[in-house]
Amino acid sequence: MSLTFHWFLPTNGDSRHVVGGGHGTPATAFGRNRQPTVAYLSQIARAAEDLGFVGVLTPTGAWCEDAWLTTAMVSRHTERLKFLVAFRPGFVSPTLAAQMASTFQRQTGGRLLLNVVTGGESHEQRAYGDFLDKDARYRRTGEFLQIVRDLWEGKTVDLSGEHLQVEDARLARVPDPVPEVYFGGSSPIAGEIAARHVDVYLTWGEPPAQVAEKIAWVRGLAAKEGRTVRFGIRLHVITRDTAEQAWTEAHKLLDGFDPDTVKSVQAGLARSESEGQRRMLALHGGNREDLEIHPNLWAGIGLVRGGAGTALVGSHDEVAERIKEYHALGIDEFVLSGYPHLEEAYWFGEGVLPRLAAQGLWQHPFAPTSTPAAQVPFTS
């Protein structure tokens, strides 16, 4: 089975520095270095498509551009790339969401993937008119996915749940193919929702031992539901021809972290209700020292950014080895990013992917018999 790689569309802006934001924290000033225009995001999308990334993740929240609208526009500038659109179930009715997804599939030729984000921060949810607490939001997500999946199967749906109610709901045209659902969450109720409803469970880039525990946890819950779930991981990457070059780039990013910004971001993230965010914060404790928490796994990004806060840092060979380590645990999909996203896509696509292809772990999804990336010469 070929590993699957996705890239990231920085709809909160891009830079040669880390652009913060997420989990209730605003995007940093660096986000204004490269504005998230359709033209720039399309450059990144086309590069990702050429290099062999299957899709691109687009975030959701008040700190970035709307994912649905942005990806719909960018899709016109690509041919085969899929869009992993993050959205929050509480902001739109399940019937409308099912219809939107169906329309997206038809208009793009089946290039939609859905990343369901329940929403970990109550103060941000309230800004959108959502006043449920965290556990209630997860229960609503379960009802939402039940309705959406039934609609996608062509069923007429009547449901009177704790949070959602629909009557005689149906779609005039069902999506073909049905979009795969991606989902992440580290709390007990999140595991239950994943086990019942999702196709791919995503974890942030924790050390392998912690990732292995998560996989075993969700896999066991899914088995009780009579289901199987695939697993993916969300990471940043800094990969270069040599380890020294890669760590120089990481230290350059760290040197650009203003102490007051770090303090402010950490204070904001400490108020997060997200169990996953709590686990991310625990990896560095707000400290600039000892940030390599596992060989080639660097927690520095999380000092100024909410959400995914770790990066694989090293030579192309070292990063390929870490990917193999996570794959051995059960991770088949990698959702990656790097600053700036255009240039870093090429570093990874031309540096790491050829090594994985040479070992039979990856093949270009759009050119299975011959891939330009796999032909790039490299030394072992």
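The values are calculated or read from the model by the stated rules, or taken from the named source; none is laboratory data. All of these numbers come straight from a predicted model, not from anything done at the bench. Here the Cβ positions follow ideal geometry from the backbone for every residue, glycine too, while neighbour counts run over all protein chains shown. SASA here: full protein model, heavy atoms, side chains in, ligands and nucleic acids out. Shrake-Rupley method; radii C 1.70, N 1.55, O 1.52, S 1.80 Å.
Take the residues in segment 8-41 that are over 18 Å from the mean Cα position of the chain (by Cα) and open to solvent by less than 10 Å² (accessible area, probe 1.4 Å); name whichever of them is nearest to Ala250 (Cα to Cα).
Ser15
Just one of (1) in contact (Cβ under 8 Å) with a residue 60 or more places away in the chain; (2) open to solvent by 10 Å² or more (accessible area, probe 1.4 Å) trips up Phe5, so point out which.
All conditions are met except number (2).
Going through segment 249-258 one residue at a time, which ones are open to solvent by less than 30 Å² (accessible area, probe 1.4 Å) and either at pLDDT 95 or above or under 23 Å from the mean Cα position of the chain (by Cα) (or both)?
Hits for segment 249-258 are Ala250, Leu253, Leu254.
Being at pLDDT 95 or above, among the basic types (Lys, Arg) and within 30 Å of Thr261 (Cβ to Cβ) narrows it down to one residue among Arg288, Arg322; which is it?
Just one listed residue meets the conditions, Arg322.
Which ones in segment 156-168 are over 16 Å from Arg140 (Cβ atoms) and either open to solvent by less than 60 Å² (accessible area, probe 1.4 Å) or part of a strand (DSSP E or B) (or both)?
Asp158, Glu167, Asp168
Please work out if Ala308 is touching a residue at least 12 places away in the same chain (Cβ under 8 Å), among the hydrophobic types (A, V, I, L, M, F, W, C), in contact with a Ser or Thr (Cβ under 9 Å, 6 or more places away or on another chain) and assigned to a loop (DSSP other than H, G, I, E, B).
Yes, satisfied.
Between Thr261, Thr239, which is open to solvent by less than 70 Å² (accessible area, probe 1.4 Å), of a type in the set (S, T, N, Q) and within 20 Å of the chain's Cα centre (by Cα)?
None of the other options fit; the residue is Thr239.
Could you identify the single residue in Ala246, Ala223 that is open to solvent by less than 20 Å² (accessible area, probe 1.4 Å), modelled with pLDDT of 95 or more, aliphatic (A, V, I, L, M) and part of a helix (DSSP H, G or I)?
On inspection, the qualifying residue turns out to be Ala246.
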